[in-house]
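Notes follow the structure.
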Amino acid sequence: HKTVCHSHGEYARDEDGDGFCEVHVNTMEGFWSLLRSWLRPHRGISQELLPDYLGFFEFVPNVRQRGKRLLDSLLRLFLTHQPETQ
């Protein structure tokens, strides 16, 4: 879990110097915006169940990304494989 300090004027941080901000306030703001939109049809969620909904909402994109990387790797392997000739 990374943070930015708004009181110091920090809204994004490039931690490894590659020009890409790994820590960015917009990431969390975007997450909450999507979460609110997703929860809107489920009006009346109890506080006891809210952690389960949050966990599911976080889990789905993570699995989607892992599945995409796995598929990319398998396709790359398939496309670069040279069949053995006898």
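Tabulated data for the structure shown
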read-out: The one condition in (1) surrounded by 10 or more Cβ atoms within 10 Å (Cβ to Cβ); (2) at pLDDT 75 or above; (3) of a type outside the set (S, T, N, Q) that residue 44 fails to fulfil; value: (1)
read-out: Cross-chain or 6+ apart pairs with Cβ under 6 Å, the stretch 21-41 first and at pLDDT below 70, then surrounded by 11 or more Cβ atoms within 10 Å (Cβ to Cβ) and assigned to a loop (DSSP other than H, G, I, E, B); value: 21/14; 23/4; 25/4; 25/11
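The values are calculated or read from the model by the stated rules, or taken from the named source; none is laboratory data. All values derive from a computational prediction rather than experimental measurement. With ideal geometry, Cβ positions are generated from the backbone for all residues, glycine too; neighbour counts draw on all protein chains shown.
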